[in-house]
1. Given the structure, is A575 assigned to a helix (DSSP H, G or I) and either buried (at least 21 other Cβ atoms within 10 Å of the Cβ) or free of Cβ contacts under 8 Å to residues at least 12 places away in the same chain (or both)?
2. Could you figure out which of (1) open to solvent by less than 60 Å² (accessible area, probe 1.4 Å); (2) small (G, A, S); (3) in a loop (DSSP other than H, G, I, E, B) isn't true of A392?
3. Give me a count of the residues in the range 614-642 that are open to solvent by 10 Å² or more (accessible area, probe 1.4 Å), aliphatic (A, V, I, L, M) and touching a Phe, Trp or Tyr at 6+ places or on another chain (Cβ under 8 Å).
4. If I go through the range 671-686 residue by residue, how many of them are open to solvent by less than 50 Å² (accessible area, probe 1.4 Å) and either among the basic types (K, R) or at pLDDT 95 or above (or both)?
5. Are there any pairs, at least 6 apart or on different chains, whose C-beta atoms fall under 6 Å, with the first in the range 581-610 and within 23 Å of D361 (Cα to Cα) and in a loop (DSSP other than H, G, I, E, B) and the second open to solvent by 30 Å² or more (accessible area, probe 1.4 Å) and of a type outside the set (A, V, I, L, M), and if so, which?
6. Do any strands (runs of 3 or more DSSP E) entirely within the range 134-218 hold 2 or more residues that are surrounded by fewer than 18 Cβ atoms within 10 Å (Cβ to Cβ) and either of a type in the set (S, T, Y) or under 27 Å from the mean Cα position of the chain (by Cα) (or both), and if so, which?
7. When you look at V720, is it open to solvent by less than 70 Å² (accessible area, probe 1.4 Å), within 25 Å of A766 (Cβ to Cβ) and of a type outside the set (K, R), yes or no?
8. Against the definition (aromatic (F, W, Y), assigned to a helix (DSSP H, G or I) and in contact with a Gly (Cβ under 7 Å, 6 or more places away or on another chain)), how does F353 come out, yes or no?
Amino acid sequence: MQARTLALQSSWRTRSVLSVTMNRTLFSLFACLLTLLSFQAAVRAQDESRAAWQGTNFEITIGISDPERVLNGRAAVSVRNVGGTAGTTLSLRINPKAEIKSVTVGSATATYQSRPETRGNSQRITITLPNAVPPNQTVTATIDYRLPVGDNTGLAAISPVGSQFLPQSMWYPMANNAFAIRGADYAPFRLTVTGGGALSSGVDKSAGGASVFEQTLNAQPFFVIGNWDRVEVATAKGITAYLPKGASADEQKQAQGLIALADDARTFYAGLLGASPEVPVRLISTTRGAGFEDAGTILLGEGSFRRKKIDAVTALSIGEAIARLWVGGDTSVRGEGHGVVREGLTRFLATLFIEKQFGADAAEAERARQRVAYSGVAKRDGPLSRTSPLDATYFNSVVNKGAMVWRLVDHLVGRDAFVATLRSLLASGKTNVDGFSLARARAAFVERGGNSLKTILDQELDQPTDMDLLAGLPQQQGAEWIAALRNLGSFDAVVNVTATNGSGQAITAQATVPTHDFGQVSFKNSPGIVRVEIDPEKYYPQLDYANDVAPKALDVAVSLAEANRLYGAQEYAKAEALARQLLAASPKMQESHIILGRALLAENKTDDAEKEFNQLLNDRLPTPVSLAWASFGLGGVALRRGQNAEAARNFTDAIRADAEYAATLTARAERIKAEPSGTVDEGVRAFIGQLDTALRGGRQADILPLMVPGELTRFVQQVVGTQPEAWTTRVLRTEQLDANRVAVDVALNTRQLGVDHAGTAVFVLARIGGGFKLNAIELFEVR
């Protein structure tokens, strides 16, 4: 047995020699990279010795002109010189399409130059200051501007259905946008939107037909305009949900559940981090921009309010948003590596809240999704402390690996010490120019954890990931079992190792595996060891988690992709077998239950499929995709049993889950089968006939009046460019979404450039001025 163990180690050492040879070449390249980074760091340090600006307050008044599709704005931007010398010019960034009308500093008209800035696709306005501004002093520049909006997007939209402007569109002038080294400007603001109907963050002080919001936390100005139904819960003071006018009773009930969840999150963080910042919390249903949140206002997709229960994505979004009231809101987050704090720390805290609220299994499922997401970029991401939104790996690495690093720190210093340090950083950051910076956090935690923690943080934050922990096959030596371990990382790993015997009993031992070296772990008086796993809690971010287990386990991402491929190839039995293997390794993996249930349904094993789909629905915190496919699957089961009404209800639930294109597309098709004579609004049918006539004519002057302004411009251009020889739309079903919108399932037959096309689509119509207009095309499967 000892010989087999040594042979295993020898094999690893042989590969290690090859690895060292390759690493020498890589080291030369890496040394060059370090030299370049050092030069960049020197340049940054030199820049900091000059004047440097940081936003401290915004006062913005805007009006929207619908016919012209223009935002007219006046923004007073206050900035502080945080550099080392007096500043004589001030640079602000704004949308490249903005037209600057005038700039004043104080009461004096200022001269300025405007030029494109490629970083972040913005426009830089360089203002000549009438007087030099010394370090730590503040100056206010007022900019009058005009911003035309072409096509509506989730970042900037002007529409009679609903307008919105988010910070990422750079709709207002700012000293630092998201691509700045120290991060974007977050500061208190006062926002006035003439005409009313707007929502933002902060205290609502609307009066006189204008929407006015005063925000005292560190935030970014934004707003959404719509026609809302308010939902409140008496026990959750200061939290309001805003649904589209005419929302159903089920949506209002779901909104109440989300309000209660946000209230529980606020209570949880107050116990962890201290008293809650006094700011209203708003949950806003939106068709665009879902996932954006700032200073207590959270934009959620309509599906969040239409699903049968609270889902994992919505719960995480709310958990992170409420955590940012403390981390970034009440205490600012600035400096290099700010994303590790603003994004990574809040994800770690949100996962703690999910664990408290939904249980350990739900939290572990979330951490598993973080690992899968990060593994896709682990071998090409850069150091966390220097990664910026300009890097393609930013959100996968900074958010997910960042959360893993904070969890590792929490594990190493202990929960009580971690929370105490966090509270201290939040309190002191309120008066520090850098707020709660990554640099200050590192210093504080190293003081708690000593040099060993410093070594770990230096590697995890300042270098690309190189940790990979491996476990060897267990070997019996006398009365004990030995497993070889290996650590490819740049610091020692202190880990638990779990062994499983033939009867399924787990035994845990601790081991230290030196950097770039081997170790081993022994299990005494534990007969029949068949499986060993290193770091079962997965505290350490790694390049590869598949080799943590011996015998080697299935690679989750690769195996799931293969199971889906087999299903798509109609090899249902093989897809079922692979899904069962995945579930044997990870019984709680929702994605495996989805593919297993679908495979069983395709094999006409309806009872077994029904069991899988019900298990998904009964999960304490299912993903939106799980809810969609579970409802779809139960609809399929009901359809096979001739229960058409039940099938249609389940297919509707799958559609309302709004999870992914494939689930929604197939559910809509199956619902038509279940109820072939669905409800049709005759007003909608008449509008579709009018639309058909205009599309067949191919004249833009006839088509545009039937479209919501700013929507579907590419669709109109394609129709006008090809001028269809035939275009016939048959309305299959209509569904009222809210007081002003209707979803329409249609069948299309067209002929363009001599080629016949047929298929289905889903149109969304908006009622404007007493008539319908085409607002969106959600699905278009015309071939």
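1. Details: assigned to a helix (DSSP H, G or I): yes; either buried (at least 21 other Cβ atoms within 10 Å of the Cβ) or free of Cβ contacts under 8 Å to residues at least 12 places away in the same chain (or both): yes.
Considered against the rule, which asks whether it is assigned to a helix (DSSP H, G or I) and either buried (at least 21 other Cβ atoms within 10 Å of the Cβ) or free of Cβ contacts under 8 Å to residues at least 12 places away in the same chain (or both), A575 comes out as yes.
2. Every condition holds for A392 apart from (1).
3. Count: 1.
4. Residues that pass the stated criteria total 1.
5. Final answer for the pair search is K588/D361.
6. Numbers: elements: 138-148, 163-165, 187-194.
The strands (runs of 3 or more DSSP E) meeting that bar are 138-148.
7. Numbers: open to solvent by less than 70 Å² (accessible area, probe 1.4 Å): yes; within 25 Å of A766 (Cβ to Cβ): yes; of a type outside the set (K, R): yes.
Yes.
8. Numbers: aromatic (F, W, Y): yes; assigned to a helix (DSSP H, G or I): yes; in contact with a Gly (Cβ under 7 Å, 6 or more places away or on another chain): yes.
In short, yes.
The values are calculated or read from the model by the stated rules, or taken from the named source; none is laboratory data. Source: prediction; values computed, not measured. Backbone-built Cβ (ideal geometry, glycine too); neighbour counts: all protein chains shown. Keep in mind that these areas ignore ligands, DNA and RNA; they rest on the heavy atoms of the full protein, side chains included. Shrake-Rupley method; radii C 1.70, N 1.55, O 1.52, S 1.80 Å.
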